[in-house]
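What follows is a set of notes on a single structure, which appears directly below.
The values are calculated or read from the model by the stated rules, or taken from the named source; none is laboratory data. The structure displayed is predicted, hence computed values, not measured ones. Neighbour counts run over all protein chains shown; Cβ positions are idealised from the backbone, glycine included.
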Amino acid sequence: MNAINQAVKPAAERAPSYYSASLNYETDYPTLQGSVTVDVAIIGGGFTGIATAVELAERGLKVAVVETNKVGWGASGRNGGQVTGSLSGDEAMRKQMRNTLGEEVDDFIWHLRWRGHEIIKNRVAKYGIDCDLKHGHLHTAMKASHMDELKATYDEALRRGMGEDVSLLDAAGVRAQLGSDLYCGALKNTRNMHLHPLNLCIGEAKAAESLGALIFEHSEVLDIVHGPRPAVVTTGGRIEAKQVLLAGDVYHKLERRKLKGLIFPAMGGIVTTAPLGDMAKEINPQDLAVYDCRFVLDYYRLTADGRLLFGGGCNYSGRDSRDIAGELRPCIERTFPQLKGVQIDYQWSCAMGIVMNRIPQLGKLSSNVWYCQGYSGHGIATTHIMGEIMAKAITGDLEQYDTFAACKHIKVPLGDQLGNPMLAAGMWYYQMLEKLR
Ligand SMILES: Cc1cc2nc3c(=O)[nH]c(=O)nc-3n(C[C@H](O)[C@H](O)[C@H](O)COP(=O)(O)OP(=O)(O)OC[C@H]3O[C@@H](n4cnc5c(N)ncnc54)[C@H](O)[C@@H]3O)c2cc1C
């Protein structure tokens, strides 16, 4: 039996990380073999694919998710775990969506901003998913111009009746929340959350499975067959469906003619220290997730067992051979000098899909084949919002889908060759602007 399993299960298991070392349980879904028929076939077992599968299964559809590696293998199982009300690309969205929504655009974006939090909270409660979910977040300022931005967000939150969830802190106020002298202020938001993303993703997969969804791991989709009955094809199997959703984000190479040049990989790195014991309470007594206002930012939080999980920097070459611990240690020690020399137990990196204007990309490849991708580093809440929007669209309610699908995206000519150098140049430009802010 083992020999057969090893023969059908090819290479990639989980990338080593704090998350894979602290899984509630390991998934063991079968490899796709032979022929299967469902209502909707979904390519990709990250948050986009799995969240959409839950939504569709809850609506009574027969769903199959097909994943090259393991559920949560990509960015969904390796990210910073911060669930914030940032949709990424808000400004570009506002400009473009004004054409379709008119004056309602600001309300549309504001409400959407918090929709992912609701979906995640409700799903965790409904299916009893153990993923260390906690509330509390600080968006920190490192200079006066950052404070102006935070004040504008704070004022909008007050105008929108969210006053109970937000407070604006000065330097002393931040110092009361964090054992760091790095910041001149912060916006504290108790609606934002943090969690163990891999345990959320596999918990949601289990929820989908409990509703009848089929999940296949170690099953790379090699081709999508278009037509009145579309199909996805792997080495050993085929799924025929009424509809197909491509949810492979930056990790897939399918449908190049239409999708090439739309989304680019940026490699993000994260480390996790050894458990900090009493020091954890000293540096972050309220157990808040934190990120700063810079364009390329540092982000961190405590894990359930009191380690500091710290991410930052990005490599826009599309490749990654960095010494992540060597790169992030000075950032940790600058933030918390009391952690000088702290032991780093885990380091890992992962690709995130960056879109030039930062608006998530939703669209159709043919009449019954859809795609949904590109969250530019802000994907935990957003993938869940998009999962709901895609499930509504697939079942005939196109209103929100159409608003996103109407947004225009820059397609970089020769995208696979020129995309990342252009992205790197763009990021350099924005970092230069950042220094002038
Ligand atoms: C280092 C890092 C830190 C981040 N921190 C945060 C954070 O704190 N907060 C936040 O909101 N967002 C964060 N993000 C972003 C967030 O993780 C992503 O936007 C989100 O997880 C994307 O989900 P996804 O399902 O679209 O893609 P993924 O999770 O990457 O999943 C895509 C899946 O598709 C599979 N696949 C690809 N091609 C095929 C194929 N041909 N056949 C079958 N399967 C295929 C892949 O194996 C993969 O498992 C971070 C990202 C990174 C990389």
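Within segment 188-215, can you find the residues that are in a helix (DSSP H, G or I), farther than 19 Å from Thr31 by Cα and more than 13 Å from the ligand (Cβ to nearest atom)?
Asn199, Gly203, Ala207 - these are the residues of segment 188-215 that are in a helix (DSSP H, G or I), farther than 19 Å from Thr31 by Cα and more than 13 Å from the ligand (Cβ to nearest atom).
Tally up the residues in segment 370-402 that are more than 22 Å from Ala213 (Cα to Cα) and among the aromatic types (Phe, Trp, Tyr), please.
2
Hey, does segment 345-359 have a residue that's within 13 Å of the ligand (Cβ to nearest atom), more than 20 Å from Gly269 (Cβ to Cβ), of a type outside the set (A, V, I, L, M) and surrounded by 18 or more Cβ atoms within 10 Å (Cβ to Cβ)?
Yes, some residue in segment 345-359 is within 13 Å of the ligand (Cβ to nearest atom), more than 20 Å from Gly269 (Cβ to Cβ), of a type outside the set (A, V, I, L, M) and surrounded by 18 or more Cβ atoms within 10 Å (Cβ to Cβ).
Quick one: would you say Asp397 is more than 22 Å from Leu87 (Cβ to Cβ), at pLDDT 95 or above and among the acidic types (Asp, Glu)?
Against the criterion (more than 22 Å from Leu87 (Cβ to Cβ), at pLDDT 95 or above and among the acidic types (Asp, Glu)), Asp397 does not qualify.
Which pairs have Cβ atoms under 7 Å, sit 6 or more apart or on different chains, and link a residue in segment 308-327 that is more than 11 Å from the ligand (Cβ to nearest atom) to one that is modelled with pLDDT under 75?
Short answer, once both residue conditions are applied: Tyr316/Asn420; Tyr316/Leu423; Tyr316/Ala424; Tyr316/Met427; Ser317/Asn420; Ser317/Ala424; Gly318/Asn420; Arg322/Asn315.
Determine whether segment 254-267 contains at least one residue that is closer than 21 Å to Thr140 by Cβ, more than 19 Å from the chain's Cα centre (by Cα) and more than 11 Å from the ligand (Cβ to nearest atom).
no
With respect to Glu156, is the statement that it is free of Cβ contacts under 8 Å to residues at least 40 places away in the same chain, surrounded by fewer than 18 Cβ atoms within 10 Å (Cβ to Cβ) and not hydroxyl-bearing (Ser, Thr, Tyr) true?
no
Is it the case, given these coordinates, that Ala141 is farther than 23 Å from Gly212 by Cβ and either within 17 Å of the chain's Cα centre (by Cα) or buried (at least 23 other Cβ atoms within 10 Å of the Cβ) (or both)?
yes
Which residue, of Gly72, Gly81, is of a type in the set (Gly, Ala, Ser), buried (at least 22 other Cβ atoms within 10 Å of the Cβ) and in contact with a His (Cβ under 6 Å, 6 or more places away or on another chain)?
Gly81
Restricting attention to segment 12-19, does a residue exist that is surrounded by 15 or more Cβ atoms within 10 Å (Cβ to Cβ), of a type in the set (A, V, I, L, M) and modelled with pLDDT of 95 or more?
no
I'm told Ile263 meets every condition in (1) closer than 30 Å to Asn357 by Cα; (2) β-branched (Val, Ile, Thr); (3) out of contact with any Phe, Trp or Tyr (no Cβ under 6 Å at 6 or more places or on another chain); (4) modelled with pLDDT of 95 or more except one. Can you identify the failing condition by its number?
Checking Ile263 against (1) closer than 30 Å to Asn357 by Cα; (2) β-branched (Val, Ile, Thr); (3) out of contact with any Phe, Trp or Tyr (no Cβ under 6 Å at 6 or more places or on another chain); (4) modelled with pLDDT of 95 or more, the one that fails is (4).
Taking the criterion of being in contact with a helix residue (DSSP H, G or I) (Cβ under 8 Å, 6 or more places away or on another chain), farther than 18 Å from Arg238 by Cβ and not in a strand (DSSP E or B), would at least one residue in segment 26-35 satisfy it?
Taking every residue of segment 26-35 in turn, at least one turns out to be in contact with a helix residue (DSSP H, G or I) (Cβ under 8 Å, 6 or more places away or on another chain), farther than 18 Å from Arg238 by Cβ and not in a strand (DSSP E or B).
Pairs under 7 Å by beta carbon, first residue at positive phi in segment 64-93, partner near the ligand (Cβ under 6 Å from one of its atoms) and among the aromatic types (Phe, Trp, Tyr), six or more apart or different chains?
Cβ pairs passing all conditions: Ser88/Tyr375.
Does segment 326-373 hold any residues that are outside any strand (DSSP E or B), farther than 25 Å from Val290 by Cβ and either at pLDDT 95 or above or not hydrophobic (A, V, I, L, M, F, W, C) (or both), and which are they?
Asn357, Ser367, Asn368, listed by residue number.
Among the helices (runs of 4 or more DSSP H) lying completely within segment 89-161, list those that include at least 2 residues that are modelled with pLDDT of 95 or more.
Fully inside segment 89-161 and qualifying: 105-127, 144-159.
State yes or no: is Thr52 surrounded by 20 or more Cβ atoms within 10 Å (Cβ to Cβ), part of a helix (DSSP H, G or I) and touching a Leu at 6+ places or on another chain (Cβ under 7 Å)?
So Thr52 passes the test.
Look through segment 206-248, keep the residues that are among the charged types (D, E, K, R) and within 27 Å of Lys126 (Cβ to Cβ), and return whichever of them is surrounded by the most Cβ atoms within 10 Å (Cβ to Cβ).
Glu217
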